[in-house]
1. When region 156-182 is examined, which residues are found to be touching an Asp or Glu at 6+ places or on another chain (Cβ under 8 Å) and β-branched (Val, Ile, Thr)?
2. Exactly one condition in (1) touching a residue at least 60 places away in the same chain (Cβ under 8 Å); (2) assigned to a helix (DSSP H, G or I) is false for GLU199; which is it?
3. Among the residues of region 12-25, are any within 18 Å of PRO70 (Cα to Cα) and at pLDDT below 95?
4. Within region 149-183, take every residue that is free of Cβ contacts under 8 Å to residues at least 40 places away in the same chain and not in a helix (DSSP H, G or I) and give me the one that is farthest from VAL108 (Cα to Cα).
5. Scan region 193-219 for residues that are crowded, with 21+ Cβ neighbours inside 10 Å and among the acidic types (Asp, Glu) and jot them down.
6. List pairs: first residue in region 106-123 and over 8 Å from VAL171 (Cβ atoms), second residue among the β-branched types (Val, Ile, Thr) and surrounded by fewer than 21 Cβ atoms within 10 Å (Cβ to Cβ) anywhere in the structure, Cβ distance under 7 angstrom, at least six positions apart or on different chains.
7. Are there any helices (runs of 4 or more DSSP H) wholly within region 1-119 with 1 or more residues that are β-branched (Val, Ile, Thr) and crowded, with 19+ Cβ neighbours inside 10 Å, and if so which?
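The values are calculated or read from the model by the stated rules, or taken from the named source; none is laboratory data. Note that the coordinates shown come from a computational prediction; the quantities given were computed from them, not determined experimentally. In this analysis, Cβ positions are derived from the backbone assuming ideal geometry, glycine residues included, and neighbour counts consider all displayed protein chains.
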Amino acid sequence: MAVTFADRPQFVLFGDSITQRSFDISGWGASLANRYCRKADVVLRGYSGYNTLWATFLLDRLFPVESSKPPLLVTVFFGANDAGFPDRGKEAQHVPLPEYKDNLRKIVAHLKKANVKHIVLISPPPVDEEALLVHGRALFGEEAGELPVREHQRTGLYAEAAESVARETGVLSLNLWSILQKTTDWQKFLNDGLHLSHEGNQEVFRNLVDILDDPSLKPSLQWQSFPWDYPEFDEIDYQNPAKSLQPDLKN
């Protein structure tokens, strides 16, 4: 049975630049929107350079508690900026690990209060330190430091923290730092040492879909469980289209 546009569920992608860029060609957000096209609205709320502290100030505006139609799903994808070194040019964005966990708890608590049914905490991906240095030197030349502004193992601590908060709060999680490293040449998943390449975007998409396709989730997030927005073209009564497309009106 088809639904009307107003009935479509909403998926909101909330995060930093890795989310902001997710609607690029072959991006994980664009792929998700394509998968659920005409079934759910995938809404991009990515903010390049943001950390979890700044994200907490956006919650009331982006996810109002009094909303009559809260999102069915929200992905929360922060940590890459929080994990930056404050003494290597990332002082403004860095968030200490304990505060990072507290901020994630605040975000989850607010989303639950706003009646979001499903929340996925996505951890920052691994860091290719060599590629990050090369990219920094290409951008800033001699002004680039000799050490990367982010480090692989340090980011791993933030990934573990995100997964820990997910377990603690009873929400879903996707530990990209661990998952991407299951492939020996995981560096191919990054295009500048930090952001996702084509392969990385598709790997995130595939792993996220695995979570959404879990048959135990209630309400279901499986693609096949969502009705089409309005009937398919071959189901329309062409002799009386109003009957199919405006069923609530008298014909």
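1. ILE179
2. (1)
3. No: region 12-25 contains no residue that is within 18 Å of PRO70 (Cα to Cα) and at pLDDT below 95.
4. THR183
5. Scanning region 193-219 gives a single hit, GLU203.
6. Correct list of pairs: LYS106/THR56; ILE107/THR56; LYS113/VAL65; ALA114/VAL65.
7. 17-20, 52-56, 97-113
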